[in-house]
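Notes for the one structure printed next.
The values are calculated or read from the model by the stated rules, or taken from the named source; none is laboratory data. These numbers come from a predicted model, not from an experiment. Here the Cβ is made from the backbone with ideal geometry for all residues, glycine too, and neighbour counts use every protein chain on show.
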Amino acid sequence: MKNLILILLVSVVPFVAFAESQVEVVTPQSMSFAAGGGDTVLSYNFGSVFVNSRVYVDFTLTAKGDAPTELRRMDIAGMEFNAYTNCPDSLPVGQQCTVRITYWPHQKGMDNGRLYLTFSNSRTIINLFGRAI
């Protein structure tokens, strides 16, 4: 069985999680991470954003190793957040794709959400935070 290595680049410090193929996720500098219960759990804070303004963050996935990376499902929770991707169901080795998360608050206050990326035998969860001013 081949290993999936999910590498999170945060200020030059890699974080590695194992599954079936290999994928590298390049994320913004302000990304934090923690591992829990077989899932890879990440957090991203959009900071303070004006009401009715839209901001986004891009995550780049790169398939590595000797087998394609299988993205089975992408789901998002949180009324002020949306997610879009150009990732195919099967990302060939050496290819890249992007997951874009937008934050578009409609009223003042704190917002939170969650993005779920389900691969063939692992899952990445990104907790999302933002403050609408």
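Summary of computed values
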{"item": "Every pair of residues 6+ apart whose Cβ atoms lie under 6 Å, when the first sits in the stretch 59-73 and is touching a residue at least 40 places away in the same chain (Cβ under 8 Å) while the second is among the β-branched types (Val, Ile, Thr) and crowded, with 17+ Cβ neighbours inside 10 Å", "result": "Phe59/Val25; Phe59/Thr27; Phe59/Val99; Ala63/Val23; Ala63/Thr69; Thr69/Val23"}
{"item": "Met79 part of a strand (DSSP E or B) and modelled with pLDDT of 90 or more", "result": "no"}
{"item": "Enumeration of residues in the stretch 105-122 that are among the aromatic types (Phe, Trp, Tyr) and crowded, with 19+ Cβ neighbours inside 10 Å", "result": "Phe119"}
{"item": "Filter result for Asp75 (surrounded by fewer than 17 Cβ atoms within 10 Å (Cβ to Cβ) and in contact with an Asp or Glu (Cβ under 8 Å, 6 or more places away or on another chain))", "result": "no"}
{"item": "Sole exception among (1) surrounded by 14 or more Cβ atoms within 10 Å (Cβ to Cβ); (2) touching a Leu at 6+ places or on another chain (Cβ under 9 Å) for Asp89, by number", "result": "(1)"}
{"item": "Those residues of the stretch 92-114 which are closer than 17 Å to Glu70 by Cα and in contact with a Leu (Cβ under 8 Å, 6 or more places away or on another chain), in sequence order", "result": "Gln96, Cys97, Thr98, Val99"}
{"item": "Enumeration of residues in the stretch 115-133 that are aliphatic (A, V, I, L, M), in contact with a Leu (Cβ under 8 Å, 6 or more places away or on another chain) and farther than 13 Å from Asn82 by Cα", "result": "Leu117, Ile125"}
{"item": "Count of residues meeting criterion [in a loop (DSSP other than H, G, I, E, B) and among the small types (Gly, Ala, Ser)] in the stretch 39-56", "result": "1"}
{"item": "Residue pairs meeting the criteria (Cβ under 6 Å; at least 6 apart or on separate chains; first at positive phi, in the stretch 89-118; second surrounded by 13 or more Cβ atoms within 10 Å (Cβ to Cβ))", "result": "Gly109/Ala132"}
{"item": "Thr98 vs. criteria among the polar types (S, T, N, Q), outside any loop (DSSP other than H, G, I, E, B), at pLDDT below 90 and touching an Asp or Glu at 6+ places or on another chain (Cβ under 7 Å)", "result": "yes"}
